[in-house]
Amino acid sequence: MDKIKLICFDMDDTLISQNSWYILNTTLGITQEEDQQMYTDYERGRLTYANWVHKILEIYKKRGSVSKKTIESALLKYELKVGTTEIIDYLQNKGYKIALMSPFGRNTPAFRRSL
């Protein structure tokens, strides 16, 4: 078997305690109620993933809250779980490549600041 070269992590509830989409959505103008309703509709099959994303983008546009500064502000709200920095550093020092399975990835301000 070949040597493992890449380790993937999910951000939500793995590296950060929060739900990354919830923080982004509420920062960009979606109410908690709207966010919960869309999630419920998706989970119950009343809303496809593509329609869910389309609906979110329409709300972002309609409320005029999307800007690089606002998005970076949302991303800075993420709090790394205890030990995240240490495990990433350890794995990288051992030669592993790290990939994040998330909507944003390692170039978010929170990760640049913390890792």
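Each residue in the range 29-48 was checked for being touching a Ser or Thr at 6+ places or on another chain (Cβ under 7 Å) and part of a loop (DSSP other than H, G, I, E, B), and 1 of them qualify.
Of all the residues in the range 51-65, those that are more than 14 Å from Trp21 (Cβ to Cβ) and modelled with pLDDT of 90 or more number 3. For the range 69-115, the tally of residues that are at pLDDT below 80, under 17 Å from Tyr22 (Cα atoms) and aromatic (Phe, Trp, Tyr) stands at 1.
For the range 45-53, the condition holds for no residue, the condition being that it is of a type in the set (Val, Ile, Thr), surrounded by 14 or more Cβ atoms within 10 Å (Cβ to Cβ) and under 16 Å from the mean Cα position of the chain (by Cα).
Please give the number of the condition Val82 fails out of (1) out of contact with any Ser or Thr (no Cβ under 8 Å at 6 or more places or on another chain); (2) in a helix (DSSP H, G or I); (3) closer than 28 Å to Ile7 by Cβ; (4) of a type in the set (A, V, I, L, M, F, W, C). Result: Val82 passes all but (2). Residues of the range 18-39 being modelled with pLDDT of 85 or more and of a type in the set (Gly, Ala, Ser), which ones? Matches in the range 18-39: Gly29 only.
Yes or no: Ile71 surrounded by 12 or more Cβ atoms within 10 Å (Cβ to Cβ), assigned to a helix (DSSP H, G or I) and in contact (Cβ under 8 Å) with a residue 40 or more places away in the chain? Criteria met by Ile71. In the range 30-38, is there at least one residue being buried (at least 16 other Cβ atoms within 10 Å of the Cβ) and without any contact (Cβ under 8 Å) to a residue 24 or more places away in the chain? Yes, some residue in the range 30-38 is buried (at least 16 other Cβ atoms within 10 Å of the Cβ) and without any contact (Cβ under 8 Å) to a residue 24 or more places away in the chain.
Remark: Thr26 falls outside the filter, which requires a residue to be loosely packed, with under 12 Cβ neighbours inside 10 Å, without any contact (Cβ under 8 Å) to a residue 60 or more places away in the chain and not in a loop (DSSP other than H, G, I, E, B). Residues of the range 89-98 that are in contact (Cβ under 8 Å) with a residue 60 or more places away in the chain and surrounded by 12 or more Cβ atoms within 10 Å (Cβ to Cβ): Leu91, Tyr96, Ile98.
The values are calculated or read from the model by the stated rules, or taken from the named source; none is laboratory data. None of these values were measured; they are calculated from a predicted model. Cβ atoms come from the backbone with ideal geometry, glycine included; neighbour counts cover every protein chain shown.
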